[in-house]
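*Asks:* Take a look at this one; I'll ask things after.
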Amino acid sequence: QGQLVESGGGLVQPGGSLRLSCAASRSIFSTNAMGWYRQAPGTQREFVASITNGGTTNYVDSVKGRFTISRDNAQNTVYLQMSSLKPEDTAVYYCNTFPRRYNWGQGTQVTVSS
C-alpha cells in the first residue's frame with residue numbers, strides 16, 4: 001500500500017474549481033512539511049505549493065491567489081483547493097514532503113478544458 005495517495009482530480013472547465021486530497025502515512029505526515037507538485041506532458045515536474053507543520057504556506061507565482069494548500073494533522077491529509085483554473089493548470093498532481101524525500105505516488109490527473 002502506498003505511503004502517499006492522491007485523489008480528487010478530474011475534468012473541469014476553465015474558471016472552475018477542484019479540491020485535491022493526499023492521504024499520507026502518519027510517519028511521513030507528522031514530522032514533515034508537505035507539498036504539492038505537478039507534471040504536465042512533456043515537462044519536468046514542478047513545485048506548486050507547500051505547507052509546514054505550523055501552517056506556513058508557499059506557492060509558485062503562477063498559482064498565487066488561485067490555489068490554497070491546507071493540512072489536517074489529525075487525518076494525516078493535505079489538501080489543494082484550486083480555483084479559477086486555467087488550461088495551463090492541466091497536469092498530473094502529486095504530493096510529497098517538502099522537500100521531496102519519498103517515492104512518488106500515482107498522482108491525480110487534472111484536466112482543464114472546455
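The values are calculated or read from the model by the stated rules, or taken from the named source; none is laboratory data. Quantities reported herein were computed from a predicted structural model and do not represent experimental measurements. Every residue, glycine as well, gets a Cβ built from its backbone with ideal geometry; the counts of neighbours run over all protein chains shown. Areas reflect the complete protein model, heavy atoms only, side chains present, ligands, DNA and RNA absent. Shrake-Rupley method; radii C 1.70, N 1.55, O 1.52, S 1.80 Å.
*Asks:* Can you find, within region 1-18, the residue that is least open to solvent (accessible area, probe 1.4 Å) among those that are assigned to a loop (DSSP other than H, G, I, E, B) and at pLDDT 95 or above? I'd like the intermediate steps shown before the answer.
*Replies:* At the first step, the residues of region 1-18 found to be assigned to a loop (DSSP other than H, G, I, E, B) are 1-3, 8-9, 13-17.
Subsequent filtering for residues that are at pLDDT 95 or above retains 8-9, 13-17.
Details: Gly8: 35, Gly9: 34, Gln13: 124, Pro14: 67, Gly15: 55, Gly16: 18, Ser17: 63 Å².
Among residues in region 1-18 that are assigned to a loop (DSSP other than H, G, I, E, B) and at pLDDT 95 or above, the one least open to solvent (accessible area, probe 1.4 Å) is Gly16.
*Asks:* Using beta carbons and a limit of 6 Å, which pairs, at least six apart or on different chains, have the first residue in region 84-97 and over 23 Å from Thr52 (Cα atoms) and in contact (Cβ under 8 Å) with a residue 60 or more places away in the chain and the second one open to solvent by 10 Å² or more (accessible area, probe 1.4 Å) and among the β-branched types (Val, Ile, Thr)?
*Replies:* Pairs found: Leu85/Val12.
*Asks:* With respect to the numbered conditions (1) assigned to a loop (DSSP other than H, G, I, E, B); (2) open to solvent by 30 Å² or more (accessible area, probe 1.4 Å), which one is the sole condition not fulfilled by Ala23?
*Replies:* (1)
*Asks:* What residue, among those in region 71-102 that are exposed (fewer than 15 other Cβ atoms within 10 Å of the Cβ) and of a type in the set (Gly, Ala, Ser), is farthest from Leu4 (Cα to Cα)?
*Replies:* Ser84
*Asks:* Open to solvent by 60 Å² or more (accessible area, probe 1.4 Å) and among the aliphatic types (A, V, I, L, M): is that true of Ala33 in this structure?
*Replies:* Taking the combined requirement at face value, the residue does not satisfy it.
*Asks:* In addition: Hey, can you tell me all the residues within region 43-59 that are among the aliphatic types (A, V, I, L, M) and either open to solvent by 40 Å² or more (accessible area, probe 1.4 Å) or closer than 22 Å to Ser113 by Cα (or both)?
*Replies:* Val48
*Asks:* Next question. Contact list please: Cβ distance under 8 Å, first residue in region 59-79 and over 21 Å from Ser27 (Cβ atoms), second residue assigned to a helix (DSSP H, G or I), pairs at least six apart or on different chains.
*Replies:* As it stands, the answer is Ser62/Glu88; Val63/Asp89, since those pairs meet every condition given.
*Asks:* Could I ask something else about it? Can you report the number of residues in region 65-84 which are small (Gly, Ala, Ser) and within 24 Å of Ser113 (Cβ to Cβ)?
*Replies:* Number satisfying all stated conditions: 3.
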